[in-house]
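**Q** One structure, pasted below without further comment.
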Amino acid sequence: MPYGWLLLFFLVPFLFVLGISFSEVEVASPPYRALLSRSEDVLNVALNLGNYRYLFGDALYLDAYLGSLQMASITTLICLLLGYPIAYTIARAPLTKRNTLLMLVMLPFWTSFLVRVYAWMGILDNEGLLNKLLLQLGLIDTPLQLMHTQLSVQIVMVYAYLPFMILPLFSNLAKLDGRLLEAAEDLGCRPWQAFLRVTLPLSRNGIVAGAMLVFIPAVGEFVIPELVGTPESLMIGKVLWMEFFDNNNWPMAGAVTIVMVALLIIPITYLHKREEKQLAQAEQR
């Protein structure tokens, strides 16, 4: 059953996009008309590589890919640095308080994502809550330019994706056997040494899961850079929007999508193979 869902909702749409990426632009007709042609009883398939040639030859797309990967990497790192202590605290909290703390983490999901982004626009605006607070405290003389900067994009992205890091980390840390830490302390480890030698290595799977849940959607983020970013903060999600709706160039948009998926699948496959190898080695021991 899971393979059927993957086939229906991932593989089939992916094959459609792949086919569109090898087609040519057709006015007022589906791109597949340029991909498939029939002469008598022969069906001809014409693969147009010009979209990929243009993609790899234009610096705009390279800058968009690099900008997206950089923004997603920084967001993932900050979410890990902020989310790990939060997840660790919740995992070590008494059972009577744990559900309440988890509810506070998931509380943002009860509100529309777009509404939360608009709320941050009200906070970071030149006349927003943050600038008004800093002015009242006398810390600044003039409002700071916080909106429509790379900093504003980074702040809102970290806020939006932080729960996706906390939840898998909590799930992993909650299963950690506390007797291992007690044994480490009995053997002379200080608390920070026990954390580095026991807790951190055993929470690796949670770190990897959280990093993937944050990094993958952050690469293709469109709403946050569009609303709180600058025109210069070009990310691959914005490029896809322009190709689909502004340029009406579906084949080029398909090529951009295929390359982006390839960039994401390669590290995911590598991590998956590495985990399988480590599990096999552990079973042999």
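The values are calculated or read from the model by the stated rules, or taken from the named source; none is laboratory data. Since this is a predicted model, take the numbers as computed values, not measurements. All Cβ positions, even for glycine, are placed from backbone atoms using ideal geometry, and neighbour counts span all protein chains on display.
**Q** With the structure loaded, tell me whether ASN99 is in the same structural domain as LYS238 (by TED's automatic domain parsing), surrounded by fewer than 12 Cβ atoms within 10 Å (Cβ to Cβ) and assigned to a helix (DSSP H, G or I) or whether it fails that test.
**A** yes
**Q** Does GLU232 meet the test of being without any contact (Cβ under 8 Å) to a residue 60 or more places away in the chain, under 30 Å from TRP120 (Cβ atoms) and loosely packed, with under 15 Cβ neighbours inside 10 Å?
**A** Yes: the conditions hold for GLU232.
**Q** Also: Contact list please: Cβ distance under 6 Å, first residue in the range 149-176 and assigned by TED's automatic domain parsing to the domain that holds ASP125, second residue surrounded by 22 or more Cβ atoms within 10 Å (Cβ to Cβ) and outside any helix (DSSP H, G or I), pairs at least six apart or on different chains.
**A** Partner pairs satisfying both residue conditions: VAL153/GLY229; ASN172/SER203; LEU173/SER203.
**Q** Turning to a different aspect of this structure: Within the range 150-251, which helices (runs of 4 or more DSSP H) (wholly inside it) include 2 or more residues that are of a type in the set (Phe, Trp, Tyr) and closer than 25 Å to THR111 by Cβ?
**A** In the range 150-251, the matching helices (runs of 4 or more DSSP H) lie at 150-174.
**Q** Residue check: is VAL223 touching a Leu at 6+ places or on another chain (Cβ under 8 Å) and surrounded by fewer than 18 Cβ atoms within 10 Å (Cβ to Cβ)?
**A** So VAL223 passes the test.
**Q** If you don't mind, another one. Working only within the range 239-249, note down all residues that are crowded, with 20+ Cβ neighbours inside 10 Å and touching a residue at least 40 places away in the same chain (Cβ under 8 Å).
**A** The one that is crowded, with 20+ Cβ neighbours inside 10 Å and touching a residue at least 40 places away in the same chain (Cβ under 8 Å): VAL239.
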